[in-house]
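Below is one structure; the comments refer to it alone.
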Amino acid sequence: MASLFPNPNFTPISHFIKPTTTTPTRVLLYSNTKPSKSSTPFTAIFCSSSSPRSRPTYIPNRIPDPHYVRIFDTTLRDGEQSPGATMTSKEKLDIARQLSKLGVDIIEAGFPAASNDDLEAVRVISQVVGNSVDEDGFVPVICGLARCCKNDIDAAWEAIKFAKRPRIHTFIATSEIHMKNKLKKSKEEVLEIAVSMVKYARSLGCDDVEFSPEDAGRSDREFLYHILGEVIKAGATTLNIPDTVGYNMPNEFGQLIADIRDNTPGIENVIISTHCHNDLGLSTANTLAGACAGARQVEVTINGIGERAGNASLEEVAMALKCRGEQVLGNLYTGINTQQIVMSSKMVEEYSGLHVQPHKAIVGANAFAHESGIHQDGMLKHKNTYEIISPEDIGLQRSNESGIVLGKLSGRHALKTRLSELGYDIDGKELDGLFWRFKAIAEKKKNITDDDLKALVSDVVFQPQVVWKLGDVQVTCGTLGLPMATVKLIDADGEEHIVCANGTGPVDSAYKAVDHIVKVPVTLLEYSMNAVTEGIDAIATTQVLIRGDNNHTSTKASEETVCHAFSGTGAGMDMVVSSVRAYINALNKMLGFRNQPELKVKAGNLML
Ligand code: KIV
Ligand code: ZN
């Protein structure tokens, strides 16, 4: 059967990557990260944590080390375009900070021309995260997306110019189907617009300009080489090749990159990038094929979120390069601190409201679970019989290493230790808030399980800024009479509001009471509840999705107007309380989405 990846011996990529042997290197390792009594030297084939390689100096159009692959994260731009994934400026800032800890080279912080809120969110990220240089001198590039038009480019520059390393990313479609039906422009017109807009972006003083021929995966090759050559002359420093609709096969996409490298005049002076969508489930494979064929930037998102079926997932691409880069992927490597993967994944899951499927590679709940007897037996004999990645590598500990059992006598330190074993990097005020909620639950529940803790983190840490706070809720329901709820909410000034309402059941009654107080018309799009642990004292988590009836819209990069939906989660031992918390959290997120003047930056520090 033909290989899905371009064969390094036949494609014209060999001057970039040395052809590698197809026989994996045999690595001498011990059986576990902690040598045990039975550990004997063992020759195995699995992921070894080789010593980290350093990140080369950042130069927009050149990477001093030919094996280094830049990670361009577009969670906050393409990822946020996923239906229902709306995030507030504060949430975007938290994610950008986390991406910086994760070590991504470039953060695409948003599409500033979409709305004033989007511009503001990108501006704050460029001021705060774009100026936070770490002890190794690393600071991520902050990028803003712009269509090929002056207004968009001005908005992008306005938002990113505060960063130490600002980048404008401008795009225009180059496929026949897009040019004819969407843009209604000829090839010559598209070429002229692309060239003049790249020049315009450079003329603003931005020396880092990325150009994307949208739908490159379905574009005419000769036209692609020509337009790419011309934008290089106009000053583009990175050329991104999007498979916008996820149509390409890995060998095809790898060949596309190789052909672009061979046929585009001036290509040796710029970085080639991949941007692969997942419509056929091939985005990670296509991205890796592109890197093998010479791309040195890959555009990815956390958890693979993004338009339709999503984008290539950062954790899959980064772990594939870490595990197999040396052996079969041309010795490529990234600057990702993989131990921050779990925290990044959880944060994006919580803030976007897009849940990670249990069997998702790397970050799914079952990614390290071994259910069958044969597998468990193998695991007990040697971890690497069924595990190619060790959980520690992505920031998880193997089951309860510290042996901590959390209960009502546990202190803050024990809580923090267990949280970090679960991949959560939480301290300061967030840890305080969590600790008091934990204590309250522990009064009623003997042992707090890991799942209880995860539900609490979701309910306490990953929440929007408070506009309305739940005071009390009281319901009467049953087979006799009308279900009735009394709800007390506290507003931002500390004033209490109490309303009584009836509905079709206890949750409906409570939601109606909340509506009477908050007085913002919304439609409840989705409601779901789960018991996170077994038994009568289980914690219930609720997820809701709402849409404001008085529109919260913005323009997407694809020019559609989107009506934002807002997610909320809540947790509690009482199902109605959990439901009301989720609803209030979604309302707070919606109310906090617009006009967030409280996000002000002074001398690089965010004032909340
Ligand atoms: O998928 C795509 O083509 C894009 C471009 C804006 C790069 O997201
Ligand atoms: Zn995209």
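The values are calculated or read from the model by the stated rules, or taken from the named source; none is laboratory data. Because the structure is a prediction, the values reported are computed rather than measured. Neighbour counts run over all protein chains shown; Cβ positions are idealised from the backbone, glycine included. Remember, those area values only see protein heavy atoms, side chains included, never the ligands or the DNA or RNA. Shrake-Rupley method; radii C 1.70, N 1.55, O 1.52, S 1.80 Å.
Okay, here's what the table says:
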{"read-out": "Selection count where residues are of a type in the set (S, T, N, Q), more than 16 Å from ligand 1 (Cβ to nearest atom) and assigned to a loop (DSSP other than H, G, I, E, B), scope region 82-120", "value": "3"}
{"read-out": "Qualifying positions in region 60-103 - in contact with a Lys or Arg (Cβ under 7 Å, 6 or more places away or on another chain) and within 23 Å of GLY548 (Cα to Cα)", "value": "LEU76, GLN81, THR88"}
{"read-out": "One residue from ALA194, ALA234 being on the phi < 0 side of the Ramachandran plot and within 16 Å of ligand 1 (Cβ to nearest atom)", "value": "ALA194"}
{"read-out": "ILE498 being at pLDDT 90 or above, open to solvent by 20 Å² or more (accessible area, probe 1.4 Å) and either part of a strand (DSSP E or B) or of a type in the set (Phe, Trp, Tyr) (or both)", "value": "yes"}
{"read-out": "Residue list for region 158-196, restricted to those being more than 29 Å from the chain's Cα centre (by Cα), of a type in the set (A, V, I, L, M, F, W, C) and farther than 18 Å from GLY235 by Cα", "value": "ILE177, MET179, LEU183"}
{"read-out": "Residue that is at negative phi, of a type outside the set (D, E, K, R) and crowded, with 22+ Cβ neighbours inside 10 Å, where the choices are ILE160, ILE177", "value": "ILE160"}
{"read-out": "Those residues of region 501-527 which are out of contact with any helix residue (DSSP H, G or I) (no Cβ under 9 Å at 6 or more places or on another chain) and either under 15 Å from GLY572 (Cα atoms) or assigned to a loop (DSSP other than H, G, I, E, B) (or both), in sequence order", "value": "THR504, GLY505, LYS519"}
{"read-out": "Residues of region 240-249 classified as over 10 Å from ALA216 (Cα atoms), within 11 Å of ligand 1 (Cβ to nearest atom) and among the aliphatic types (A, V, I, L, M), total", "value": "0"}
{"read-out": "Looking only at region 558-577, and only at residues there that are under 26 Å from the mean Cα position of the chain (by Cα) and surrounded by 19 or more Cβ atoms within 10 Å (Cβ to Cβ), the one that is farthest from HIS355 (Cα to Cα)", "value": "HIS564"}
{"read-out": "Meets criteria (modelled with pLDDT of 95 or more and within 16 Å of ligand 2 (Cβ to nearest atom)) for GLU108", "value": "yes"}
{"read-out": "Residue in region 454-462 that is in a helix (DSSP H, G or I) and touching an Asp or Glu at 6+ places or on another chain (Cβ under 6 Å) present", "value": "yes"}
{"read-out": "Output for region 112-121, where each listed residue is touching an Asp or Glu at 6+ places or on another chain (Cβ under 8 Å) and open to solvent by less than 10 Å² (accessible area, probe 1.4 Å)", "value": "PRO112"}
{"read-out": "Residue within region 122-134 that is among the small types (Gly, Ala, Ser), open to solvent by 20 Å² or more (accessible area, probe 1.4 Å) and at pLDDT 95 or above present", "value": "yes"}
{"read-out": "Region 61-90 residues that are farther than 30 Å from THR555 by Cα, paired with ones that are assigned to a loop (DSSP other than H, G, I, E, B) and among the aromatic types (Phe, Trp, Tyr) (beta carbon under 8 Å, 6 or more apart)", "value": "PRO66/PHE16"}
{"read-out": "Qualifying residue in region 61-81 (condition: modelled with pLDDT of 95 or more, within 16 Å of ligand 1 (Cβ to nearest atom), open to solvent by less than 10 Å² (accessible area, probe 1.4 Å) and hydroxyl-bearing (Ser, Thr, Tyr))", "value": "yes"}
{"read-out": "Residue match in region 129-147 (condition: under 23 Å from the mean Cα position of the chain (by Cα) and among the basic types (Lys, Arg))", "value": "yes"}
{"read-out": "Subset of region 465-485 [more than 25 Å from ASP94 (Cβ to Cβ), out of contact with any helix residue (DSSP H, G or I) (no Cβ under 7 Å at 6 or more places or on another chain) and part of a strand (DSSP E or B)]", "value": "GLY471, ASP472, GLN474, THR476"}
{"read-out": "Looking only at region 203-224, and only at residues there that are more than 16 Å from ligand 2 (Cβ to nearest atom) and buried (at least 18 other Cβ atoms within 10 Å of the Cβ), the one that is nearest to GLY290 (Cα to Cα)", "value": "LEU224"}
